Every structure is written in structure tokens, then in C-alpha cells.
Amino acid sequence: MKKPNYWVTAEVEPGDWDSSDHKSYPYGFTRPNKARVQRLKKGDYILRYWKGHHTFVGMLKVVKSFDPKASPKKGSRFPWKVKCVCLVTLGEADAVSIHDIKHQLTFYGRIKKSPTTLGNYLMPSPRDWPKPDGRKVAMAIQKAVSKPSRTSNS
């Protein structure tokens, strides 16, 4: 059985995803990204990165790959779609800062020398990531779910 791939999507403003209902949702990408979207396969994971806050805010699992025969809606901003289920959604207070985990990632040595290159590893969207890095981010997201919210009064 093929091991899943990990992908990062850089979102300007994270959409609303409900990780409790386990329904599948379409997740769309812009026109220039069609070739990468075609590489997303059933079983792959999408790590949702909130650009403006430099945090990971959730994880999706692809349940239906891109259909090359599907015609995008005319004028659609995100015409290329895969179907996903939401595994985890984190609130702003619980989101995983990339700065807290970047030293664990395989490309850290390169970004340590030139911090402005971090964006190269997050864009374009979707961006395929090395499996070890994807697993580390996925584990950090799952760990954030199990700890109490930093905004909680309890």
C-alpha cells in the first residue's frame, strides 16, 4: 500500500471546516495550480497553513482525487477541486506556529541561513512536502488538539 503524501495549502483566511461531521467537502485551487492538484491522490493529507499568522490551523484527508473530466464553473476562482474530509481544525489560540517547529523540519538548515526562503516551502499552493516534514507537522497539529486551549479559563 502506498504511503500518503503530505501537501501544504497556504490560506489567506482559513475557511470554516467542521471536523466533527466527517462529511466530504470540495477543496478548490486556483487555475495555475492544475498540474499539482492532479497529483493529489486519495489518502493524501493536506496541512492547512494560515499565511498571515504563520500557523498551521488544520489537516484534511483527500477522499476523492481530482477529476480531469470535470468542467470547472465558468469564472470560478478555485476551479480545480479534490474532495476532502476534515480531520482537525484548530482555533487561532491553538494553531501550531511554524516558528515553534521549523527547527525539526528537513529544510531548516536552508531557511536558517536565509529566513526569507521559508515562503519557498509554503508556496505555491498546494505544495508537496517531504513525508518526514509532513508527518512532524501532522503530529504537532494532533498534539495541539489534545492540549487545553490557551484561551481557556479552566
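Every number in this text was worked out from the coordinates using simple rules, so none of it is lab data. Since the structure is predicted, the reported quantities are computational estimates derived from the model, not experimental observations. Note: ideal-geometry Cβ built from the backbone for every residue, glycine included; neighbour counts use all protein chains shown.
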- request: Towards the positive end of the charge dipole of the stretch 1-76, with charges on Cβ (+1 Lys, Arg; -1 Asp, Glu), say which of THR55, TYR45, PRO32 has the farthest Cα.
  value: PRO32
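Whole number please: convex hull volume per residue of the Cα set in the stretch 6-146, in Å³? Walk me through the intermediate numbers first.
On the way: hull volume 15.7 nm³, N = 141.
Measuring per residue, one finds 111 Å³ for the Cα hull of the stretch 6-146.
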message: Quick check for me: using +1 on Lys/Arg Cβ and -1 on Asp/Glu Cβ, what's the dipole size of the stretch 1-104 about its Cα centre, in debye to the nearest 20?
response: 940
Unit Cα scatterers, Debye sum, the stretch 66-141: log10 I(q)/I(0) for q = 0.12, 0.20 Å⁻¹: -0.50, -1.03
Inter-probe distance in nm under a simple model that places probes 7 Å from Cα toward Cβ, at THR106 and VAL145: 2.5
- request: Could you list the square roots of 5 times each eigenvalue of the Cα gyration tensor of the stretch 31-102, that is, the equivalent ellipsoid semi-axes, sorted largest first and rounded to whole Å?
  value: 26, 14, 11
- line: Once both label points are put 7 Å beyond Cα along the C-beta direction, the HIS99-ASP67 separation in nm becomes 4.4
field: Tail weight of P(r) past 12 Å, computed on alpha-carbon pairs of the stretch 1-56, percent
entry: 74
- prompt: So between THR117 and SER76, what do we pick up on full extension, going 0.36 nm a residue minus the alpha carbon distance?
  reply: 11.7 nm
